[in-house]
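The values are calculated or read from the model by the stated rules, or taken from the named source; none is laboratory data. Because the structure is predicted, anything quoted here is derived from the model rather than measured. So basically every Cβ, Gly included, is an ideal-geometry build from the backbone, and we count neighbours across all protein chains shown. The accessibility values were calculated without ligands, DNA or RNA, using every heavy atom of the protein model including side chains. Shrake-Rupley method; radii C 1.70, N 1.55, O 1.52, S 1.80 Å.
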Amino acid sequence: MINGVKARIETVAALKSVELGHELPAAAIENMNTDSTITPSVLLYYGNYEYAEPESKMRTRQMSEKRIVALLFCRVSEFDALHDAVVRAVLGFHHTPKHQGMTVLSSATARIMGPLMARRIEFGTETLISQL
């Protein structure tokens, strides 16, 4: 799923890189690089999965919400247009026919350091899971 989201975000021409998470998100935010040659960029990682109560006592079926987080690193002055472009690139993406289209769940500033900022954008998709 994350590779499909990555491919969609890579269509945003203004981004210099889209990478899969290789360190804890807190460390990426804390060690935010002020080198303007690598921003704007996005770091993707899997977020929390949420599960609804089972629908039945006999055979377990329940909804699962899978989440992916995009950390957008950019100049504060470029934020709004980049944020909207990243969101538009991901909205509606279907990982498989069983998954609903991706939606944006939340977006919040994680850090501002001088002219640069890190913004956490969380996307989600729902699918029905069952034991069979």
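Using helices alone, what [θ] at 222 nm do you get for the chain, with -39,500 (n - 2.57) per DSSP H run of 4 or more residues, divided over all residues and rounded to the nearest 500?
-5500 deg cm²/dmol
Starting from the range 86-132, pick out the trypsin sites (Lys or Arg not before Pro) whose DSSP state is loop and whose Cβ has at most 16 other Cβ atoms within 10 Å.
Within the range 86-132, the qualifying trypsin sites (Lys or Arg not before Pro) (loop, at most 16 other Cβ atoms within 10 Å) are LYS98.
With the other protein chains left in place, how much accessible area per residue, in square angstrom, belongs to the chain at a 1.4 angstrom probe?
56
From the list [x] 18.9; [y] 15.6; [z] 16.4, can you say which value of Kirkwood radius over Cα pairs in Å was derived from the structure given?
Checking each listed value against the structure points to [y].
Quick one: pull the percent of accessible area on the chain belonging to carbon and sulfur, 1.4 Å probe, ligands and nucleic acids left out.
The computed percentage sits at 52.
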